[in-house]
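Take a look at the structure set out below.
What follows is calculated from the coordinates using simple rules that are stated; it is not laboratory data. Owing to the predicted nature of the structure, the values given are computational and were not obtained by experimental measurement. Cβ sites come from the backbone with ideal geometry, for glycine too, and all protein chains shown count toward neighbours.
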Amino acid sequence: MRPVSYPLIAPSVLAADFTRLGEEVSALKQAGADWVHLDVMDGHFVPNISFGPAVVKALRPCSDLPFDVHLMIAPVDPYLEAFAQAGADQILIHIEAGPHTHRSLQRIRDLGAKPGVVLCPATPPEAISEVLDLVDIILVMTVNPGFGGQKFLSSQLPKIRRIRDMITQSGRDIRLAVDGGIDAATAPLAIDAGADVLIAGSAVYGKKDYATAIAALRTHVAKPK
Ligand SMILES: O=C(CO)[C@H](O)[C@H](O)COP(=O)(O)O
Ligand SMILES: [Co+2]
């Protein structure tokens, strides 16, 4: 049984107009979004630099939606407290960022945020088997992390299916999110594979009407298993 029968939608502000970031975040709730996805990049773990905890903190008053903070940084430990204090509700770290993912996930929980683990396209599903009991969210990257606007990698669909089975077997309430190249055409593929959260940058902020763009991502209902 899937934990939710509809996908949650988490627009990525990476694709927003940075000159009006506060307004761009404020607009999401009215448009029907469920979470705000914030991509943090360090120019080291990924070949791009975005923003840090000061920007998350500045945006916090702009929305009461959960802030889903995707850390594409290494190391993660020195920055977890800063992101929790900035108002992150959910902090997601890459299994590849290491070296002590198990401890880092426990630390996120201790800081009062929901812990999540992320897998790059080259990482097999089994890489997260020993941290399933620590996470509330699993995020499968459907592009190589670092940039918005890339093409969805359909090679990741078997991994999404496998992780959905792992979640079912665990008996835990864990969201399964997909991130990268999600639009109205690829969303149904991810949903049928078992995803229940769609992260979308260009497919929301690249459109004029955010409510219509979000509704277009939600039209597909998961095929019964
Ligand atoms: O984590 C990310 C990139 O590393 C972004 O969340 C992702 O790329 C969203 O952008 P788009 O929907 O345009 O692909
Ligand atoms: Co992301």
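Restricting the count to DSSP beta bridges whose residues both fall in the chain, what percent are antiparallel, rounded to a multiple of 5?
Antiparallel bridges make up about 5 percent of those DSSP assigns within the chain.
Quick check on region 110-201: what does the Kirkwood estimate of hydrodynamic radius come out to from the alpha carbon pairs, in Å?
Evaluated on region 110-201, it is 13.2 Å.
At R0 = 25 Å, how high is the FRET efficiency between ASP17 and ASN48 if r is their beta carbon distance? Nearest 0.05 is fine.
0.90
Given labels modelled 7 Å from the Cα in the Cβ direction, how far is it in nm from SER155 to LYS208?
Roughly 3.8 nm, to one decimal.
What distance in nm separates the simple spin-label points at THR219 and ALA31, each placed 7 Å from Cα in the Cβ direction?
1.8
As a check on your grasp of the helix formula, calculate [θ] at 222 nm for the chain: sum -39500 (n - 2.57) over DSSP H runs of n ≥ 4, divide by the residue count, round to the nearest 500.
Mean residue ellipticity, 222 nm, calculated: -8500 deg cm²/dmol.
All other residues with a Cβ under 12 Å from the Cβ of PHE152 taken together, and with Lys, Arg as +1 and Asp, Glu as -1, what is their net charge?
Here the count lands on -1.
Compute for region 33-190: radius of gyration divided by Kirkwood radius, i.e. Rg/Rh, restricted to C-alpha atoms, rounded to two decimals.
Value, to two decimals: 0.93.
Pulled fully out, how much extra length does the chain show between ASP192 and ASP77, if you take 0.36 nm times their separation in residues and subtract their Cα-Cα distance?
37.9 nm is the gain from fully extending ASP192 to ASP77.
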